[in-house]
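Please treat every number below as a calculation from the coordinates, not as lab data. The model shown is predicted, which means the values in this text are computed figures rather than measured ones. All Cβ positions, even for glycine, are placed from backbone atoms using ideal geometry, and neighbour counts span all protein chains on display.
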Amino acid sequence: MSAVVGQGRAVLQMEADALLRLRRTLGSSFVKAVGMLEACQGRVVITGMGKPGFIAQKISATLASLGVPSLWLHPAEAAHGDLGRVTAQDVVVALSQSGETEELVHLVALVKRMGASIVVMTGNSHSRMTRHADVVLDVGVRTEAGPGGLVPTASTTAMLALGDALAIALAQARGFRKEDFARLHPGGNLGRRLLMTVKDLMRTGAAVAVATPASNVKQVLLAITQARAGSAMILDRRRRLLGIFTDGDLRRHLEEDPQLLLRPARQVMTQHPKSIGPELLAVEALKLLKNHRIDEMPVVDKQGKLVGLLDVQDLLKAGLV
């Protein structure tokens, strides 16, 4: 087992060394490449053959997730019609460790004639591919981690890391924010946190207990029980919010008045309760609940009419707490 662990560590060390070398050599070419991508008026087309082709797909996906229009182009398919995906406004990023991959050498020559800008990511800065490049990014490694140094390992790791560096540097140059990321990832946790509104989560209809100011406390409690809620909203005839009756109100008044159940709601409700609008972001509503140390809050429209109720339990179920 120790021999297996030792071999694993050796592979990781070789790949770590490749990344450290890449870090030391990063310079003006990287800056130029980021500037070229930032100025791109079309799409960023990523291409590669074999193992670098899989890395190219990942880089393209990362760029897209950061709001950069991008597509992956198979170099062999490009020669059979898919070259039509590329325009003169695009930037083509071609990945090849040797820089001599025939399909890519042919492709970058064609792309150059079309007028698109070319970034070549390679371990051979004197290869045929680099002759057509506007920018060359060196991802050369001393050795691959596989048997005989033949299997693409350290080189593809370097390409992947450099692709991530390009994507993140580009995102920062474009002022990309976490809100932008959320809009592109609405199904993820961050998307839910930043895009979900009170309207998406609030309770409505029979799930909200309502009563009139003239309703007695017994009737109010019955409405709360039927709605399976923790409070009742006291409304006027136009459904404008006048007050709220909570478990806390019940406990406070019950100690003072044994006839509490017969008293009208207007005498025991909490007047002018805190409320929120339906378009408020759910994360902002959560902050209000925490700041005021309450578990639920009525939701009203611009006219002050009740439209729903937001409970902290609803935020919990949505994964916001």
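Give me the distance in nm between label points sitting 7 Å out from Cα along the Cα-to-Cβ direction at Arg237 and Gln271, one decimal. Calculated label separation equals 2.1 nm. Computed from Cα atoms alone, the Kirkwood hydrodynamic radius reported for the range 198-317 is 14.4 Å.
The trypsin sites (Lys or Arg not before Pro) of the range 97-183 meeting both criteria, a DSSP state outside H, G, I, E and B (loop) and at most 16 other C-beta atoms within 10 angstrom of the site's C-beta, are Arg142, Arg174, Arg177. A compact globular protein would have a Cα radius of gyration near 2.2 N^0.38 Å; the ratio found for the chain is 1.58.
Of all beta bridges that DSSP places with both ends in the chain, some 40 percent have antiparallel geometry.
Within a straight-line Cα-Cα reach of under 27 Å, Lys32 can be paired with the following lysines, leaving aside sequence neighbours fewer than 8 residues apart in one chain: Lys51, Lys58, Lys112, Lys178.
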